[in-house]
Amino acid sequence: MEQQKMSLDTFRERVESEIVCAYRSNVYNVNFAMAYMMKDLYKIHERYLETQNCTDLQALVMAEDMFLNQLEDIAKRFQLYVKNGF
């Protein structure tokens, strides 16, 4: 029996709570990172839905890899965002 796939909202919530919050504690920084990555998270979620044998864990690992690869850029852009006054 095929396991039910996570919705995009559930996927986003899990990425935020299980990945992003581990690296960023400030709520504004977390929200900024999530907004910054949403287009890529959507693509990962689509791939997850389309691939029959892709597990929740594999999708979260893809999201974590993407987040870690963009971590420095997200931090720089957040600093610019704060510097320019939200």
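The values are calculated or read from the model by the stated rules, or taken from the named source; none is laboratory data. Quick caveat: nothing in here was measured; it's all calculated off a predicted structure. Don't worry about glycine lacking a Cβ; one is built from the backbone with ideal geometry, like all the others, and counts go over all protein chains shown. The accessibility values were calculated without ligands, DNA or RNA, using every heavy atom of the protein model including side chains. Shrake-Rupley method; radii C 1.70, N 1.55, O 1.52, S 1.80 Å.
Remarks
- Percent accessible area from carbon and sulfur atoms, the chain, protein chains only, probe 1.4 Å: 50
- Normalised by residue count, the chain yields a Cα convex hull volume of 83 Å³ per residue.
- Straight-line cross-link reach from Lys76 at under 26 Å between alpha-carbon atoms covers these lysines, not counting any fewer than eight positions away in the same chain: Lys39, Lys43.
- Rolling a 1.4 angstrom probe over the protein heavy atoms with all chains in place gives the chain an accessible area of 68 Å² per residue.
- Rounded to the nearest 0.05, the FRET efficiency derived from the C-beta distance between Leu49 and Leu80 at R0 = 35 Å is 0.55.
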